[in-house]
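Taken together, the values in this text are just the output of simple stated rules run on the coordinates, not laboratory data. Worth saying up front: this structure is predicted, and the values here are computed from it rather than measured. Note that each Cβ is placed from the backbone with ideal geometry, even for glycine, and that neighbours are counted across all protein chains shown.
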Amino acid sequence: MTDDNYTGVTTGTIATACSLAALEAIVDTPDIVCVKVETPKKTLDIIIDDCRKLSSFKGQASAHKNPYNDPDVTVNLEIYATVELFDRADEESNVIITGGEGVGKVTKPGLQIPVGEYAINPVPRRMIVKNLQDRIPDDKVAKVTISIPEGLEIARKTMNPKLGIMGGISVLGTTGIARSMSSEAYKNSIVTQIDVALASDVGDLVFVPGNIGEKLALQNLDITKEQIVQTGNYVGFMFEEAEKRGITHFTFFGHMGKLIKVAGGIFNTKHAVADGRREIMVTHAALCGADKKDLQRLFDSKTTDDMMDILNEIGLSVEVSNSIADAIHERCLQRFDLDLNVILVDMEGNYLNNNWK
C-alpha cells in the first residue's frame, strides 16, 4: 500500500476479508493467505491469519487489525468469520449475516441497526454482501457468522454499554479505511448518545464533558445513566447536533476547569486547541470586585482548583462562579437556540455556583 492517507482498516473490512476467505475455502482454495476486498473507497489486499475448510459446506477464516498510529482499542483484535452454505429457498439475498461470540447486540432504539440485531453496521454488511454474492454457487445461500472472541472484554472500553449494545463490540466502518485520530469517526460515535436517548424517550438530558463529569452528575443529581450525554472536547458540535434534533433545554454539568472555557466562547475544549482559563477567571473575578493583587494571584495560578481556593479565601467564589455560569448560558444562547441549566462543580462534586434550577 502506497497511499499516504492509508493508515489502517476498519473492523468491517477485516470481517469482510475473513468472510471472503472462508467462502473461498469451501468453493475454491482452502489455504487462503491474502484476499482482495472491495471497499467503498478502494480495493485492499488483506492478509489472512488462518483459513480452513471445515467440511464440504463450511469454512472459517480469521485475521487481525494491524497496528497503526491511532489509540484504537480494536488494534490487534482477532476477527473470525464462519461461512456455511445451504440450499437456496426463497431468500431475497444469497447472503445472510449474523453475529457470534463477542459481537454486541442492539438493545436500544436510535442506532443504525434495529433492536435485537447484531451490531454489524450497514456499510460492513453491504461490503460482505458485495464481496461474496457473485462467488456463491447459484443454488446456495451463504450464512456468515462474525465472531470476535475478545469483543466482550474490549467493549468495556468503548461507549457500547452506554448505547445499549450488549455482549460485545460493534463491527464498524463507513469507508473500509481507518485513518489516524479521525475526529469525524469520534464525533459520529458520540452523537449516537443523543439519538439513543431520543429514541428511548429519555428526557431531562444532562450533558457532561466525560467520565468524571458523568460520575459526579450521577453522584449529585437525581438522574439515571440513560440521561447523560458525554460531549468529550466537542462541546460545540454536540450542542449543535442537539439543536438540530429539536432539543432546546438541558443541563450542562461539569468541572469548572472544562466548562469555564465555554464562558470565553471556546467550544472545543481540548487544551491544544485553546485554553484561556486563567484569563476568563481573572475577568470574572475583576467584574465581581477582586483587587489587583488577588487578580495577579489568580493569573499566576496553574489550575482552576487553585483559583477557586483563592476566591474562597477572599469570599468571592460563589459570586464568580455564578458570573461564569451566566456567561456560559449567554454564549450558548448567542450561538445556539439552547437554554442551558449550567452547574459547575469541583473535583469532589461540590457545587460552585448556586444560580441553577
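Structure values in brief
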quantity	calculated
In sequence order, calculated HN-Hα J values of segment 277-288 (Karplus, 6.51, -1.76, 1.60; Hz; x Gly/Pro)	4, 5, 5, 5, 4, 4, 4, 6, 5, 5, 4, 8
Cβ-based exposure ranking for Cys34, Cys51, in which fewest neighbours within 10 Å come first	Cys34, Cys51
Segment 1-153, dipole about Cα centre (Lys/Arg Cβ +1, Asp/Glu Cβ -1), debye to the nearest 20	260
Rel. contact order, % - alpha carbon contacts under 8 angstrom, at least six apart, segment 183-345	25
Length gained when the stretch Lys293-Lys143 is fully extended (0.36 nm per residue, less Cα-Cα span)	46.6 nm
Within-15-Å neighbourhood charge of Pro149 [Cβ basis; K, R +1; D, E -1]	-4
MRE, 222 nm, helices only [DSSP H, n ≥ 4, -39500 (n - 2.57), over the chain, to nearest 500]	-11000 deg cm²/dmol
Cβ-derived FRET efficiency at R0 25 Å, Leu221 paired with Ser183, nearest 0.05	0.25
FRET efficiency, 1/(1 + (r/R0)^6) with R0 51 Å, evaluated for Met347 and Gln112 via beta carbons	0.90
Interchain or long-range residues, amide H under 5 Å from Arg88's placed H	Lys140, Val141
